[in-house]
Amino acid sequence: MLADETLDKIGQKVTVAGWVNTRRDHGGVIFVDLRDQSGLVQLVFNPEKKDIFALAETLRDEFCISAKGEVRKRAAGLENPGLKTGKIEIVIEDLEILNKAEPLPVATREEGQKSGEEMRLRYRFLDLRRPSMQAMVKRRAEYNAIIRDYMDEHGFTEVATPILANSSPEGARDFLIPSRVHPGKFYALPQAPQQFKQLLMVGGVPRYYQIAACFRDEDPRADRLYGEFYQLDLEMSFVEDGEEVRRETEPLIVDLVRNFGQKKLVNVIASTAKQSTVDRHDNELSRDDEILIPRLTYTEAMEKYGTDKPDLRFQMELVDLTEVLANTNFKVFQTDCIKAICVRGGADLSRSQIDQFTEIAKKEGAGGLAYLTYKDGSVQSPIAKFLSGQELKEIADKTGARDGDAVFFGADDRAKVNKVLGILRNEFANHFNLKNPDEVALAWITDFPFYEYDEHNWLGRGGIEFGHNPFSMPKGGLETLQVAKTDAEKLNIVADQYDMVMNGYEVCSGAVRNHSPEIMYEAFGTIGYDKAYVESKFGAMLNAFKYGAPPHAGCAFGLDRIFMVLSATENIRDVVAFPKNGSGVDVMMNSPSAVEPGQLVELSIQNIEKAK
């Protein structure tokens, strides 16, 4: 019987099993808090039961036990209101030690000092016993169930796609699997089920989904797991517009945020019969309102926020001052692009704090960080004397600066200015605690560049490369590709691609797919790949597209990252049962590890040591 099931069993004999959470000796009576998946219940051992009492004296934290006894009410004044079972206790008549536990290397209780992450990962099987981790595992199962129910209700069919697949250039390194049966050849773990789900569309499956395991050899970071992650992968046939996919999927995310995560949605559009309004506070959105997530083009996001994954829980937009300061005599501002951000309360920043923000700007390539502060009715700054009264007035008007604020500038080429101020915007928000963990801001980012310049592309040469992957449809189709002759024209091509961002994280990526062999050949040919290369990499898809492939579109939501945001943590390893550490190592299972030489011989592989 579970601990929380004993509440209504007063006067009855019950058997419970679990782990010793704590043991206390009080005046000849031993109290043990037994912990199981439902919580804690207090066990009482009286000295009259000599053998049982003697055995109870040997109990230590995390011993695995089974105990039988009678449930009784606690005496008046001895209830524990902080415990679900705090009004009852079990007087033990029989005790069995199922397994002993050695002294614990990590904490299994929430109280006291939390163990370091490396030790928690090394002993994850113990760390998972903590109530918060137990709750995470249960919540993750509930989360997956909600997603599956939604997809089933909306006509999607769950299909499992292969794990052993072919190597496909999709923007990250593959994990390669050598073939023993076919020496010298390799499988690859899928970075995503991209090709298979498109082939399902060709195969007549109208709507597909899968909670898919994906594998990418990318460097780990706080919001990205190393090696493997899970995504809600989906595809819809006879779809020619990405808006249809966005409309179909965003109610699921809104529901997860509001009902599962119990977070406040901010900066969303509430559509009612009378009007549509952007509610930045979201305190009183009706549950009957249709919620529409805002759309921003890639260009708008970069120009306003300096990033394609902006955190919209706070404002602080980038303000373009290039025209305002076009004729300035201040040499620092005599450049291609001048932008600024107004930081509310920024006038109270100390000199040392401004220096810290300046160092951040310099690390991103800025020469320095010019600023104005507005305090006691005057403008204070080392650069104020270089600007005319009219320029100072127009800066204040355009940025909305008022007493107590500070305005920080970026002056350089447009891309660098956007990047530097975008990073500073995020840093200022951290400093002034503008990121409310109880709020969630969502946005769709659309119209990404189809191509971008990449110093290291698939063929090992610098040049124009796909901005995302070759499976997206360029807006305008074949004609757009054919008329683009110069590099500048190619870089201006827009893909019918879209991402969803959540609190500054990319949590979804999708696109209308390229389902035409002719367009695919042209998309590759435009940047120097011949037909032979395309056929060698995507032969199965190209062949399938020749047999009546329907137009289709889809996307994939990063389930680990969404769950991380809804769990109000910034470390994705906190929401996964068995993650690898920050170096990509499973310190519990000692993986990756060396293998026996004979195994390499079977696989026709020679291990070459790199020079140190």
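The values are calculated or read from the model by the stated rules, or taken from the named source; none is laboratory data. Keep in mind it's a predicted model, so treat the numbers as computed, not measured. So basically every Cβ, Gly included, is an ideal-geometry build from the backbone, and we count neighbours across all protein chains shown. For accessibility, only protein heavy atoms count, side chains too; no ligands or nucleic acids. Shrake-Rupley method; radii C 1.70, N 1.55, O 1.52, S 1.80 Å.
Exactly one condition in (1) on the phi > 0 side of the Ramachandran plot; (2) more than 33 Å from the chain's Cα centre (by Cα); (3) not basic (Lys, Arg) is not met by residue 484; state its number.
(1)
I'm trying to understand the selection: among the residues of segment 372-431, which are under 20 Å from residue 317 (Cβ atoms), out of contact with any Ser or Thr (no Cβ under 8 Å at 6 or more places or on another chain) and among the hydroxyl-bearing types (Ser, Thr, Tyr)?
Of everything in segment 372-431, those that are under 20 Å from residue 317 (Cβ atoms), out of contact with any Ser or Thr (no Cβ under 8 Å at 6 or more places or on another chain) and among the hydroxyl-bearing types (Ser, Thr, Tyr) turn out to be 374, 399.
Of all residues in segment 334-369, how many are in contact (Cβ under 8 Å) with a residue 40 or more places away in the chain, open to solvent by 50 Å² or more (accessible area, probe 1.4 Å) and farther than 20 Å from residue 414 by Cβ?
3
Any residue in segment 110-137 that's farther than 16 Å from residue 564 by Cβ: show its pairings with residues that are among the basic types (Lys, Arg) at Cβ separation under 7 Å, as long as the two are six or more apart or on different chains.
Between residues of segment 110-137 that are farther than 16 Å from residue 564 by Cβ and residues that are among the basic types (Lys, Arg), the close pairs are 110/130; 127/120; 130/109.
Within segment 507-533, count every residue that is assigned to a helix (DSSP H, G or I), in contact with a helix residue (DSSP H, G or I) (Cβ under 8 Å, 6 or more places away or on another chain), open to solvent by 10 Å² or more (accessible area, probe 1.4 Å) and small (Gly, Ala, Ser).
Counting residues in segment 507-533 that are assigned to a helix (DSSP H, G or I), in contact with a helix residue (DSSP H, G or I) (Cβ under 8 Å, 6 or more places away or on another chain), open to solvent by 10 Å² or more (accessible area, probe 1.4 Å) and small (Gly, Ala, Ser) gives 1.
Tally up the residues in segment 375-388 that are outside any helix (DSSP H, G or I) and either open to solvent by 60 Å² or more (accessible area, probe 1.4 Å) or among the acidic types (Asp, Glu) (or both), please.
Adding up the residues that qualify gives 5.
Looking at 339, 331 in this structure, which one is within 35 Å of the chain's Cα centre (by Cα) and basic (Lys, Arg)?
The conditions single out 339.
Those residues that are open to solvent by less than 30 Å² (accessible area, probe 1.4 Å) and among the hydrophobic types (A, V, I, L, M, F, W, C), I need them from segment 323-333; list them, please.
Those that are open to solvent by less than 30 Å² (accessible area, probe 1.4 Å) and among the hydrophobic types (A, V, I, L, M, F, W, C): 325, 330, 333.
Collect the residues in segment 106-154 that are over 30 Å from residue 246 (Cα atoms), modelled with pLDDT of 95 or more and hydroxyl-bearing (Ser, Thr, Tyr), keeping them in residue-number order.
123
I'm trying to understand the selection: among the residues of segment 445-492, which are within 25 Å of residue 293 (Cα to Cα), modelled with pLDDT of 90 or more and in contact with a Pro (Cβ under 7 Å, 6 or more places away or on another chain)?
450
Could we say that residue 422 is touching a residue at least 40 places away in the same chain (Cβ under 8 Å), part of a helix (DSSP H, G or I) and of a type outside the set (Asp, Glu) here?
So residue 422 fits the description; yes.
Anything in segment 57-69 that is in contact with a Lys or Arg (Cβ under 6 Å, 6 or more places away or on another chain) and open to solvent by less than 10 Å² (accessible area, probe 1.4 Å)? List them, or say none.
59
Against the condition open to solvent by less than 10 Å² (accessible area, probe 1.4 Å), outside any strand (DSSP E or B) and more than 14 Å from residue 423 (Cα to Cα), how does residue 372 come out, does it pass?
Spelling it out, it is not the case that residue 372 is open to solvent by less than 10 Å² (accessible area, probe 1.4 Å), outside any strand (DSSP E or B) and more than 14 Å from residue 423 (Cα to Cα).
Determine which member of the set 85, 22 is polar (S, T, N, Q) and assigned to a loop (DSSP other than H, G, I, E, B).
The unique qualifying residue is 85.
Condition check ((1) over 30 Å from residue 231 (Cα atoms); (2) small (Gly, Ala, Ser)) across all residues:
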residue: 107; (1), (2): yes, yes
residue: 132; (1), (2): no, yes
residue: 146; (1), (2): no, no
residue: 168; (1), (2): no, yes
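For residue 152, state whether it is under 30 Å from residue 207 (Cβ atoms) and acidic (Asp, Glu).
Here the answer is yes, as residue 152 does meet what is asked.
Starting from residues that are acidic (Asp, Glu) and modelled with pLDDT under 95, keep the ones in segment 289-322 and report whichever is least open to solvent (accessible area, probe 1.4 Å).
So, considering only residues that are acidic (Asp, Glu) and modelled with pLDDT under 95, the one least open to solvent (accessible area, probe 1.4 Å) is 289.
Is at least one residue of segment 491-506 open to solvent by less than 30 Å² (accessible area, probe 1.4 Å), more than 30 Å from residue 256 (Cβ to Cβ) and of a type outside the set (A, V, I, L, M)?
Within segment 491-506, not a single residue is open to solvent by less than 30 Å² (accessible area, probe 1.4 Å), more than 30 Å from residue 256 (Cβ to Cβ) and of a type outside the set (A, V, I, L, M).
For segment 70-93, enumerate the residues that are open to solvent by 70 Å² or more (accessible area, probe 1.4 Å) and touching a helix residue (DSSP H, G or I) at 6+ places or on another chain (Cβ under 6 Å).
Answer for segment 70-93, where residues must be open to solvent by 70 Å² or more (accessible area, probe 1.4 Å) and touching a helix residue (DSSP H, G or I) at 6+ places or on another chain (Cβ under 6 Å): just 84.
Within segment 546-601, which residues are assigned to a strand (DSSP E or B), open to solvent by 10 Å² or more (accessible area, probe 1.4 Å) and closer than 30 Å to residue 512 by Cβ?
Those that are assigned to a strand (DSSP E or B), open to solvent by 10 Å² or more (accessible area, probe 1.4 Å) and closer than 30 Å to residue 512 by Cβ: 556, 558.
Inspect segment 40-48 for any residue being open to solvent by 20 Å² or more (accessible area, probe 1.4 Å) and in a strand (DSSP E or B) and give the result as yes or no.
There is at least one residue in segment 40-48 that is open to solvent by 20 Å² or more (accessible area, probe 1.4 Å) and in a strand (DSSP E or B).
Does residue 393 satisfy being open to solvent by 80 Å² or more (accessible area, probe 1.4 Å) and closer than 24 Å to residue 501 by Cβ?
no
Please pick out the residue among 544, 577 that is over 22 Å from the mean Cα position of the chain (by Cα) and small (Gly, Ala, Ser).
That would be 544, the only listed residue that is over 22 Å from the mean Cα position of the chain (by Cα) and small (Gly, Ala, Ser).
Could you check residue 536 against (1) assigned to a strand (DSSP E or B); (2) open to solvent by 50 Å² or more (accessible area, probe 1.4 Å); (3) of a type in the set (Ser, Thr, Tyr) and say which number it fails?
Status for residue 536: all satisfied but (1).
Among all residue pairs at least 6 apart or on different chains, which show Cβ distances below 8 Å where the first residue, located in segment 213-229, is at positive phi and the second is modelled with pLDDT of 90 or more and of a type in the set (Phe, Trp, Tyr)?
Pairs found: 227/175; 227/215.
With respect to residue 68, is the statement that it is touching a Ser or Thr at 6+ places or on another chain (Cβ under 7 Å) and among the basic types (Lys, Arg) true?
Taking the combined requirement at face value, the residue satisfies it.
Quick check on segment 427-448. Is at least one of its residues outside any loop (DSSP other than H, G, I, E, B), among the basic types (Lys, Arg) and surrounded by 14 or more Cβ atoms within 10 Å (Cβ to Cβ)?
no
Considering only helices (runs of 4 or more DSSP H) fully contained in segment 94-176, which possess at least 3 residues that are closer than 25 Å to residue 573 by Cβ, out of contact with any helix residue (DSSP H, G or I) (no Cβ under 7 Å at 6 or more places or on another chain) and open to solvent by 50 Å² or more (accessible area, probe 1.4 Å)?
Result: 117-122, 131-153.
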